[in-house]
Every structure is written in structure tokens, then in C-alpha cells.
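K.L.:
Have a look at this one.
The values are calculated or read from the model by the stated rules, or taken from the named source; none is laboratory data. Everything quoted here is computed from the prediction, not taken from an experiment. Note that each Cβ is placed from the backbone with ideal geometry, even for glycine, and that neighbours are counted across all protein chains shown.
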Amino acid sequence: MQRGDLYWVRLPQVDGREQAGIRPAVIVQDPLAGGALPTVLVMPLTSQLAAARFPGTLRIDPDDENQLSMPSVLLVFQLRAIDRRRLAGRLGRIGSAQLERIYEMLDELLGRS
């Protein structure tokens, strides 16, 4: 598991506006820094393209590398830790330019830019 990998994840049902259910998510945790942790940091995707209206989102179109079946929106603002047992299988990988943009957006959300 590497940063930028797309995995199918099983997110538990919650109250409110958090993503839930089986969906793709991008791994954003460094494997060396977090390799021994029982959790992993992920950012979920949604196929609801209207979500792109929110700050902290990035549209990702399907390609041979990411293996997505439809255009999706990465919800950077929904960064969360999940138990590694919620990972349901590797889907693909996002490009390095997209991964860099994700970290830039995260810095913006954290007020570090």
C-alpha cells in the first residue's frame, strides 16, 4: 500500500454528511511513517459531481492507471483514519500531479499555505 493508491473501502454508516458505504478512497498516509499503525489515512471519492462545488475537492476522471469507472470527486476535506480491515481491495493509482495537488489542497484546508 502506497500513497496515491486507490482502494475500495467499507466506510461505516454515520450521522451527518460523512461518506459511508463501499467506495473508492485514496491512501494518503506514508507507508513508512504509518506502517505499524492499525489505521490508515484515506480520502473518499464520490460519483456525485456536484460535490465539486465545495472547497477541498478534486475531480478525477477515469484512466488506465486509476481504473475508475466514472468521473469522481475526491473529498480532500473528508480526510479520515479507518481501520486497515476496512480496505476491501486495490483499485488503481492516481497520478503524481494529482497527488501533489491533494497535498496542496490539504495544506490550504489546514491554513498552511
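K.L.:
Within the set of pairs 6+ apart or on separate chains, which have a first residue in segment 101-113 that is under 14 Å from Leu75 (Cβ atoms) and touching a residue at least 40 places away in the same chain (Cβ under 8 Å), a second that is assigned to a helix (DSSP H, G or I) and of a type outside the set (A, V, I, L, M), and C-beta atoms under 8 Å apart?
P.N.:
That search, which allows pairs on different chains as well, returns Leu109/Phe77.
Residues checked against (1) exposed (fewer than 15 other Cβ atoms within 10 Å of the Cβ); (2) modelled with pLDDT of 95 or more:
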residue: Ala33; (1), (2): yes, no
residue: Pro38; (1), (2): yes, no
residue: Leu49; (1), (2): yes, yes
residue: Gly56; (1), (2): no, no
residue: Asp61; (1), (2): yes, yes
residue: Asn66; (1), (2): no, yes
residue: Leu74; (1), (2): no, yes
residue: Gln78; (1), (2): no, no
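K.L.:
With the requirement that a residue be of a type in the set (D, E, K, R), in a strand (DSSP E or B) and farther than 14 Å from Asp83 by Cα, what does segment 1-49 give you?
P.N.:
Correct list: Asp5, Arg23.
K.L.:
Now, a different point. Restricting to segment 62-79, name every residue that is in contact with a helix residue (DSSP H, G or I) (Cβ under 8 Å, 6 or more places away or on another chain), within 20 Å of Val28 (Cβ to Cβ) and part of a loop (DSSP other than H, G, I, E, B).
P.N.:
Within segment 62-79, Leu79 is the sole residue that qualifies.
K.L.:
May I pose another question? Looking at Arg59, Arg112, Arg90, can you tell me which residue is farther than 23 Å from Val14 by Cβ, outside any loop (DSSP other than H, G, I, E, B) and touching a helix residue (DSSP H, G or I) at 6+ places or on another chain (Cβ under 9 Å)?
P.N.:
After ruling out the rest, the residue left standing is Arg59.
K.L.:
Another question, then. Within segment 80-93, which residues are crowded, with 18+ Cβ neighbours inside 10 Å and either touching a Phe, Trp or Tyr at 6+ places or on another chain (Cβ under 8 Å) or hydroxyl-bearing (Ser, Thr, Tyr) (or both)?
P.N.:
Residues satisfying the conditions are Leu87, Leu91.
K.L.:
Tell me, which residue of segment 1-26 that is closer than 14 Å to Ile94 by Cβ and modelled with pLDDT of 95 or more is surrounded by the fewest Cβ atoms within 10 Å (Cβ to Cβ)?
P.N.:
By that ranking, first place goes to Gly4.
K.L.:
Scan Arg86, Arg80 and give me the residue that is of a type in the set (Lys, Arg), more than 27 Å from Gly111 (Cβ to Cβ) and under 14 Å from the mean Cα position of the chain (by Cα).
P.N.:
Working: Arg80 fails: more than 27 Å from Gly111 (Cβ to Cβ).
Just a single option satisfies the conditions, and that option is Arg86.
K.L.:
Still on this structure, please answer the following. Scan segment 55-83 and report the pairs whose first residue is in contact (Cβ under 8 Å) with a residue 60 or more places away in the chain and whose second residue is assigned to a loop (DSSP other than H, G, I, E, B), with Cβ atoms within less than 7 Å and a gap of 6+ or a chain change.
P.N.:
Asn66/Ile94; Leu68/Pro62; Gln78/Glu18; Gln78/Gln19
K.L.:
Okay, moving on. Is it true that some residue in segment 2-15 is on the phi > 0 side of the Ramachandran plot and not charged (D, E, K, R)?
P.N.:
Looking for residues that are on the phi > 0 side of the Ramachandran plot and not charged (D, E, K, R), one finds at least one in segment 2-15, hence yes.
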